[in-house]
1. Which residues, counting only those in the range 117-133, are surrounded by 20 or more Cβ atoms within 10 Å (Cβ to Cβ) and either in contact with a strand residue (DSSP E or B) (Cβ under 7 Å, 6 or more places away or on another chain) or assigned to a helix (DSSP H, G or I) (or both)?
2. Filter the range 75-89 for residues that are in a helix (DSSP H, G or I) and over 15 Å from residue 187 (Cβ atoms) and give the result.
3. Restricting attention to the range 260-285, which residues are farther than 26 Å from residue 245 by Cβ, without any contact (Cβ under 8 Å) to a residue 24 or more places away in the chain and assigned to a helix (DSSP H, G or I)?
4. Whether any residue in the range 226-234 is crowded, with 18+ Cβ neighbours inside 10 Å, part of a helix (DSSP H, G or I) and touching a residue at least 24 places away in the same chain (Cβ under 8 Å) is what I want to check.
5. Can you pull out every residue in the range 367-395 that is in a helix (DSSP H, G or I), surrounded by fewer than 22 Cβ atoms within 10 Å (Cβ to Cβ) and in contact with a strand residue (DSSP E or B) (Cβ under 9 Å, 6 or more places away or on another chain)?
6. Name the pairs whose Cβ atoms lie under 6 Å apart, with the first residue in the range 363-377 and over 17 Å from residue 437 (Cα atoms), the second not in a loop (DSSP other than H, G, I, E, B), and 6 or more positions between them or separate chains?
7. Here is a list of conditions, (1) touching a helix residue (DSSP H, G or I) at 6+ places or on another chain (Cβ under 8 Å); (2) at pLDDT 85 or above; (3) part of a helix (DSSP H, G or I), and residue 316 meets all of them except one; can you say which number that is?
C-alpha cells in the first residue's frame, strides 16, 4: 500500500482535510506570506487568531520570544552550535502545540514581524554585493539555476509519483523542493564568516535566479491547474515582468539612488539615513510582491543599490541591529509552526523528498561549475549551500496549489516537516562544507 493511499484510508478521505493532523496555512497578502497554524479537529474546530486582537498580548508575546530565545542562544553558544538552532528550539518551546500550555497568544503577530525579518536580512546581505560582483557570476548563475531547478523538479516529480502522490500533488511538491531557502542559507553562511567567499557570491546569484524561475513556474502551474491550459502569451508576460523589474531596478536605480543615499549620508544624521534606506528596502519589496514576485528579490535588489553608494558601509552598520532582531523572529516562527508530535506521521515521505532534492541539486551544480572552470572546492561548497535548506518559498508554492484547489491537504504538513528538518541540518552541512577542500590528493578536511 503506498503512502497516499494509507493516509487516505486512515482518515477516510484522499483530497480533503485530515482530522487531528496539523495543517499549515499560509495567509498571502500580495504574495507575501504569514504562517498560521491551526489544528484540524472535529471536536474543537479551527483555532484562529486575529492579528493585534489585544495590544497587551503582542507585548507579552514579544517579551516571551526574546526571553526564551536569549536562553536558547546561551545554551547553543555554550554547546558551540549555530544560532539558528537556538532560534528553532526557542520556537518549538513557545509554539502553540508545546505542552502543558501555549506561551504565545498571537502567532500571526509573530509571523508579521518575521516577514519584516526576511526583508531586513536580505537587504543587509544585498549591501555586500554590488552590481559588478553579481555581474561577474551572472551568466553562470543563470545556467546553473535553470539546470538544477528543472533537473530537481523533474526527478522529485517522478519520485513523488512512485510514492503514490497524485499528479498535481507531485507537481507542486516537485516545485516546492526545487527551491533553496535563501534566508536560512545566507544566515548560516554569515555566522560562518563566508559571505565574501566565491562560493557564496555564486550561491546568491544562483538563488536569486532560482527564486525568479520558481515564482514564474508557480504562476504557470497555477494556470494549468485552474484552466487545464496555459498560453504562450501568459508565459511571455510573466517573463517580461520579471526582466523589466530587475532590469529597471539595476539599470535606472543604480544611476540615481546611490547618489541620493550619499547626499543623505553627508548630513551626518544617521537617523535620516536609516529611514531613507528602510524606505528603499520596503518600497522595492512592496513593488516586488505587487508584481507577483518574491519579497526576497525586492529586498535584495534594494541592498544591491545601497552597495553601489559610497555610504554602503555606514548603511550596513546602522541596519544590522534591526536585521538581527527581526531575522531572529523569522527563525523562531519556523520552529513554532511545527507540532513535533506529528513528525513521525510524515517523516518518511519528507526524508525521501529531502534526500532526492539534495542529491539532485548537489550533483548538477557541482558538475556544471567544474565544467565552467571553477575549482572543485568552490563547486562543492556552492552545491552544498544550494542543496541544504527548504523554507519560505516552498511553503508559498504549496499555498499556491491550495489556492487553485490542486493539492491534497496533507501536502502542507509534509512540507512543514521538510522545512524544520532541513533548517536543522543546514548549519551542520554548511559548516562541514567550509572545512572540506578538494585537492589533487582527493577530499580533505581542513
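The values are calculated or read from the model by the stated rules, or taken from the named source; none is laboratory data. Quantities reported herein were computed from a predicted structural model and do not represent experimental measurements. Cβ atoms come from the backbone with ideal geometry, glycine included; neighbour counts cover every protein chain shown.
1. Taking the range 117-133 first, the residues surrounded by 20 or more Cβ atoms within 10 Å (Cβ to Cβ) are 117-127, 129.
Listed by number, the residues that qualify are 117, 118, 119, 120, 121, 122, 123, 124, 125, 126.
2. Let us first name the residues in the range 75-89 that are in a helix (DSSP H, G or I), namely 75-78, 83-89.
75, 77, 78, 89 - these are the residues of the range 75-89 that are in a helix (DSSP H, G or I) and over 15 Å from residue 187 (Cβ atoms).
3. To start, the set of residues in the range 260-285 that are farther than 26 Å from residue 245 by Cβ comprises 265-272.
Among the residues that remain, those that are also without any contact (Cβ under 8 Å) to a residue 24 or more places away in the chain are: 266-269, 271-272.
Of everything in the range 260-285, those that are farther than 26 Å from residue 245 by Cβ, without any contact (Cβ under 8 Å) to a residue 24 or more places away in the chain and assigned to a helix (DSSP H, G or I) turn out to be 271, 272.
4. Keep residues of the range 226-234 that are crowded, with 18+ Cβ neighbours inside 10 Å, which gives none.
No: zero hits.
5. Scanning the range 367-395 gives 376, 377.
6. 364/147; 364/148; 364/151; 368/144; 368/147; 372/140
7. The single condition residue 316 does not satisfy is (2).
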